[in-house]
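The values are calculated or read from the model by the stated rules, or taken from the named source; none is laboratory data. This one's a predicted model, so the numbers in the text were calculated from it and none came from an experiment. Each accessible area value is taken on the protein alone, full model and side chains, heavy atoms only, with ligands, DNA and RNA left out. Shrake-Rupley method; radii C 1.70, N 1.55, O 1.52, S 1.80 Å.
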Amino acid sequence: MAEICCQEAKSPPATAATVATVSASAAAAAVASSVMDRRRRRLELKRFRLASDLEQSAAEYAGARKRPRIPRTVSGPCPDAASASENAERCPRFGFSSVCGRRREMEDAVSIRPGFLPGSGKSHFFGVFDGHGCSHVATTCQELMHEVVAEEHQKAGSGEEPVWKEVMERSFARLDERAANWATTRSSEEPACRCEQKMPSRCDHVGSTAVVAVVSPTQLVVGNAGDSRAVLSRAGVPVALSVDHKPDRPDELERIQAAGGRVIYWDGARVLGVLAMSRAIGDGYLKPFVTAEPEVTVTERSDADECLILASDGLWDVVTNEMACDVARACFRSNGPPEPAAAQAQASEGVSKAESDRACSDAAMLLAKLALARGSSDNVSVVVVDLRRGS
């Protein structure tokens, strides 16, 4: 204790100058700390606002870029029928779904034109067009194919039964010519197409498959060029009304080789190692190996007919004909049978009950979802037409 006391006694007393220096240092440190705290809070606030702005911008961008999984799903009767009694006879129920799927661009197009033939409301046009390279050929077919078929039908008619094979061949040839001249005939007011923005321009590298059906009370006429497909469900059995035009199909392979072309296996069979189908509208750079000439079938309708399914290869690559027809029949069973013609004629709009009306739309939507669930990487477009006759 004595040593401690001695040491304390020997310590010099604190002067006023020392106390002032310590107080000034503490005040300066407190001020610096306060400034740093304010600066840190301002930085944190800026980061928070920046993060919020980025999240909002990202959400707006995603909302602008995001495509709905099922952007188009429609069902119903002919919209331009003159009366309920005519509707009952003229307009089959139909539904369609068109899905972008896992592709960046939507290149499919669907065309449904009830009563498209002049002077006759009993024939209806349905078409699915699967574009590649760009969408403008498929869109052109969507807008014009039914008109061209109607014109060619009128030329071939004159009171006699038209030869549908010639009608379809001439119609597809006209659309093929239109696709070849698209860049020079389009309006200058139309926005630039994606294929035109490439350097050099690739408008002649664009094409589209085409499967079209004309449904009348007695016949089903199907014209097809490409790998889209038409399937009829009859008495529970799928009946293919078209055959895919693949380059390795024996007759197609022979035709391509006879024209001087080659089929190269590069991620599957491809014409000159490029196109995975041997027939299409457009694709001028692959002529004459790729032709627009359609294969045409004419099928007499039967009381056992249930539905007609038209779809792009986005469906058929992963779903069999049997599976597609089973899905459509299941939707028809769950939604009820069609009403008799007499009941339809008494309805306010000439259509059957709502549950039966939704059957085609449900079938098309389920088939599109099934294709995506089974891993389809392409656009998927499906049209389902109810062919059941009212009892």
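Give the accessible area for E177 in Å² (nearest 10); use a 1.4 Å probe, count only protein heavy atoms, and leave out ligands, DNA and RNA.
Looks like 110 Å² after rounding.
Which links in K122/K287; K122/K246; K165/K246; K165/K287; K122/K165 stretch past 31 Å when you go from one Cα to the other? Kindly include the intermediate steps, with their values, before the conclusion.
Working: K122/K287 37 Å; K122/K246 34 Å; K165/K246 21 Å; K165/K287 22 Å; K122/K165 20 Å.
From K122/K287; K122/K246; K165/K246; K165/K287; K122/K165, over 31 Å: K122/K287; K122/K246.
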